[in-house]
Amino acid sequence: MPRSFDVLYRQLEPSLELLEKKRKELRKKGVLKGGVISLILAVLLCFFFSTNTTLLFTLVIVSSIFIIWLSIYSQTGQLSKFYKQEIIARMVYAAHPSCSYQPEKGIAESLFVESGLSKGIPDRYHTEDLVQGKVDKTDFMFAEVHAEKRHVTTNGKGQTQTYYSTMFRGFLFVADFHKNFSGKTRVCRNSLLKICWEGERVKLENPEFEDKFDVYSSDSVEARYLLSPIMMEQLLKLNYSFSDSLIASFYDSKILIALPNNTDHFEPSIFRTNLNKEHIKEEFNTICRLINIIDVLNLNTRIWTKE
């Protein structure tokens, strides 16, 4: 069980105060750097727009604001490294001592693709903030994932434009299910058009579950075995606790749960203070809720054994 947040916050306060000091130093550095670049740019603009003072003034002000903002933002990497090592890592350990935190690592793209949690292969895939651990008998890991699809359009002049759309962004949770699967079963959001990506649609006997999800599997008998009445109730409970957005996959002796979330977690702000207790508590609760998936789904209750 995680320790009291109030106790943890008191222990984090010296590091948070150091973080705030570092933030102000880096912000000041960014302002000075941006100011120098803006001054040089302003001198150059004077040569080109000296006869149009209104345009010159506008260009100098707009470009200076943008350059200074960009210069400050460029310092975020240094602040983020300190925040993750000194704050997030300690929160992860406090949530469960078995856990390790590797901010620069994540979950392999191959696992994300092969699980069938998303239709198609991403053209751009980024993952970070890997947490790994073991609760009782169950190994697990989770990380932030952002998978994107590339689109290319052509206008009437034959010019092409490339842009990316999000396939999935949020947390990907992976845990040992302690059973060797012969098939792949996916629990998708319910949709009016029952278009199967892969496998056949499996009808289940829980009306509430059927209202929330569509299940597809390459082995319908195995799917019904995995999605027992108890498991369906547990997945519904987990779904409601994560803003009614869960999708899941049973694949390669694992359960994979994708939890869409547009918030960029575990990142500090260089523009405002990071001492806000409620924000730190929210991040800690996010970590605890993800680890608690093991207990919500009763994954330590071994009703099967691997062959």
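The values are calculated or read from the model by the stated rules, or taken from the named source; none is laboratory data. Note that this is a predicted model, so its numbers are computed, not measured. Here Cβ is always computed from backbone atoms with ideal geometry, including for glycine, and neighbour counts include all displayed protein chains. Areas reflect the complete protein model, heavy atoms only, side chains present, ligands, DNA and RNA absent. Shrake-Rupley method; radii C 1.70, N 1.55, O 1.52, S 1.80 Å.
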Considering each residue of region 241-297, count those that are open to solvent by less than 70 Å² (accessible area, probe 1.4 Å), hydroxyl-bearing (Ser, Thr, Tyr) and either in contact with a Gly (Cβ under 9 Å, 6 or more places away or on another chain) or farther than 19 Å from Lys84 by Cα (or both), and give that number.
5
Candidate set: region 223-240, residues that are in contact with a strand residue (DSSP E or B) (Cβ under 9 Å, 6 or more places away or on another chain) and of a type outside the set (A, V, I, L, M); chosen: the one surrounded by the fewest Cβ atoms within 10 Å (Cβ to Cβ)
Arg224
Taking interchain pairs and intrachain pairs at least six residues apart, which have beta carbon atoms under 6 angstrom, with the first residue in region 253-275 and farther than 27 Å from Lys28 by Cβ and the second assigned to a strand (DSSP E or B) and of a type in the set (A, V, I, L, M)?
Lys254/Val174; Ile255/Ala175; Leu256/Val174; Ile257/Ala248; Ala258/Leu172; Ala258/Ile247
Give the number of residues within region 128-143 that are open to solvent by 30 Å² or more (accessible area, probe 1.4 Å) and modelled with pLDDT of 95 or more.
3
Test Met167 against the stated conditions and say whether it is open to solvent by less than 70 Å² (accessible area, probe 1.4 Å), closer than 30 Å to Val215 by Cβ, without any contact (Cβ under 8 Å) to a residue 40 or more places away in the chain and not acidic (Asp, Glu).
no
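Only one residue in Gly199, Gly183, Gly156 is crowded, with 17+ Cβ neighbours inside 10 Å and at pLDDT below 90. Which one?
On the way: Gly183 fails: crowded, with 17+ Cβ neighbours inside 10 Å; Gly156 fails: crowded, with 17+ Cβ neighbours inside 10 Å.
Matching residue, one of Gly199, Gly183, Gly156: Gly199.
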Just checking, how many residues over region 66-121 are crowded, with 18+ Cβ neighbours inside 10 Å and polar (S, T, N, Q)?
5
Could you figure out which of (1) in a loop (DSSP other than H, G, I, E, B); (2) modelled with pLDDT of 95 or more isn't true of Leu117?
(2)
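Kindly indicate whether any position in region 21-36 is assigned to a helix (DSSP H, G or I), aliphatic (A, V, I, L, M), at pLDDT 90 or above and open to solvent by less than 60 Å² (accessible area, probe 1.4 Å). Walk me through it before giving the result.
Here is the first cut: in region 21-36, the ones assigned to a helix (DSSP H, G or I) are 21-36.
Then drop every residue that is not aliphatic (A, V, I, L, M), which leaves 26, 31-32, 36.
So of that shortlist, the ones also at pLDDT 90 or above come out as none.
There is no residue in region 21-36 that is assigned to a helix (DSSP H, G or I), aliphatic (A, V, I, L, M), at pLDDT 90 or above and open to solvent by less than 60 Å² (accessible area, probe 1.4 Å).
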When you check Asn206 against the structure, is it touching a Leu at 6+ places or on another chain (Cβ under 9 Å) and polar (S, T, N, Q), yes or no?
yes
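Report yes if Thr162 is open to solvent by 60 Å² or more (accessible area, probe 1.4 Å), under 14 Å from Leu117 (Cα atoms) and either touching a Pro at 6+ places or on another chain (Cβ under 8 Å) or not in a loop (DSSP other than H, G, I, E, B) (or both), otherwise no. Give the steps one after another, and end with the answer.
Values: open to solvent by 60 Å² or more (accessible area, probe 1.4 Å): yes; under 14 Å from Leu117 (Cα atoms): no; either touching a Pro at 6+ places or on another chain (Cβ under 8 Å) or not in a loop (DSSP other than H, G, I, E, B) (or both): yes.
Criteria not met by Thr162.
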